[in-house]
Each structure stands twice: as C-alpha cells, then as structure tokens.
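> Before I ask anything, let me first share the structure, which is written out below as structure tokens.
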Amino acid sequence: MKNEEKPKQKMGFTIIKNDPTDGHKGFGIGSLSLENVSPVIIDVAEGTAMVEIGAMHAKSDVERGIKFTMNREDSAGGKDYWLVWVTIDHKEDGAYFAGVAACEMVVNREKRRGYKILADHVNKMDKSMKRHIIVDHMDARSKGILAEFLQSHNEDMWNRSEQKLREDLA
C-alpha cells in the first residue's frame, strides 16, 4: 500500500490586464490593476537603472538564486540595489509618474545571500499605487540615477509629474 500525497497547490499571483471593467458594469468593478506599475532596479555601484518586470514576483535577475533574510549581516560585503515601484497615471495633458516608492536591497552573489524586508517591498508598491512619492531615504547618488532614468524614459512625463518628485530627486 503506497502513501501517495498530492503536491500542495501553489497560489499564483494574478496581474489583471487592461481595464478590468472593460466597459461593462458587473464583475471586476473596483478590481485593482497593476498594469501601470513598473519595478525599476537601480544598481548603485554600476550607476544603472532598468525596468525589471520579474521583480513584480521577486524573480528579477538580481534576486534569482539568492536566499533573502531580514538580517543585514547575512549579506555583508554585497552590492546595494534599490527596487523602485513607479506608477504611471494620466492627466488631461498626458501621462506622468504618479507614484514612486523605493525599497532597499543588498545582494551578496558569492554567499548567495541577500537582505530585504519583503513587507516593506509590498507596502512600498502599495504606496506607489496610491500615488505617493517616497524617495527621501535614498542616497544622493541613487536619487540622481533614478531622476536621470525617469527623465530619459520620457521627459514629458517627467515634466508633468508632481513638483515633489523632481524636488525629492534633486
């Protein structure tokens, strides 16, 4: 007699595409759409920033193969990164960067260990989606990298964004 156990069902994370209401007034009204949220990863040492969609599920190239803990000492000697949640919204005159919230991350590839606080990453994504600008805790170099990235991504969107964003990243 074999004792066969079914593997546990894994709970997936669903990203709702486009307008969840799609013109009708029934199911999906008030559903949260993550379509306008993009994760941007800043490599502080390299001075680069790039959109990394894998970070939506904590599976970016930076995070892959790393065991994360909330103990900063586990990743001592690692590289500093920022995961920045950027939310885009639309005004009458066009799209703009509505919410920008940064989270700290340290990755030590040699040890295959990293430091991040997952709850902080989730909360900052939520804050970004609620149109908050939270970048004041970033170092000056990283703020400059992010400002340059957002400007070069779309200068018109940068100019339409809240003055607070430009001031906080100055």
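> Along Cα→Cβ, 7 Å out, is where each label goes; now give me the distance between the ones at Asp126 and Arg72 in nm to one decimal.
2.4 nm
> Within the set Lys79/Lys124; Lys111/Lys164; Lys67/Lys124, which residue pairs have Cα atoms separated by over 29 Å?
Beyond 29 Å: Lys111/Lys164.
> If you don't mind, another one. Net charge within 14 Å of Phe149 by Cβ-Cβ distance, Lys/Arg positive one each and Asp/Glu negative one each, not counting Phe149 itself?
With Lys, Arg at +1 and Asp, Glu at -1, the neighbours total -2.
> Additional query: Calculate the spin-label point distance for Gln151 paired with Ala119, positioning each point 7 Å from the Cα along the beta-carbon direction, and give it in nanometres.
Inter-label distance under the simple model: 3.8 nm.
> Students often check this: by mean Cβ neighbours within 10 Å, which of 68-77, 125-134, 49-58 ranks highest, and how do the rest follow?
My ranking of the peptides, most packed first, is 125-134, 49-58, 68-77.
> Also, I was wondering about something else. Where the accessible area of the stretch 120-170 is counted over protein heavy atoms with a 1.4 Å probe, how much of it, in %, is carbon and sulfur?
Its accessible area is 45 percent carbon and sulfur atoms.
The values are calculated or read from the model by the stated rules, or taken from the named source; none is laboratory data. Treat the numbers as computed from the prediction; the structure is a model and nothing was measured. Because the Cβ atoms are built from the backbone with ideal geometry, glycine has one as well, and the counts that use them run over all protein chains shown. Protein only, heavy atoms only, side chains kept; ligands, DNA and RNA dropped before computing areas. Shrake-Rupley method; radii C 1.70, N 1.55, O 1.52, S 1.80 Å.
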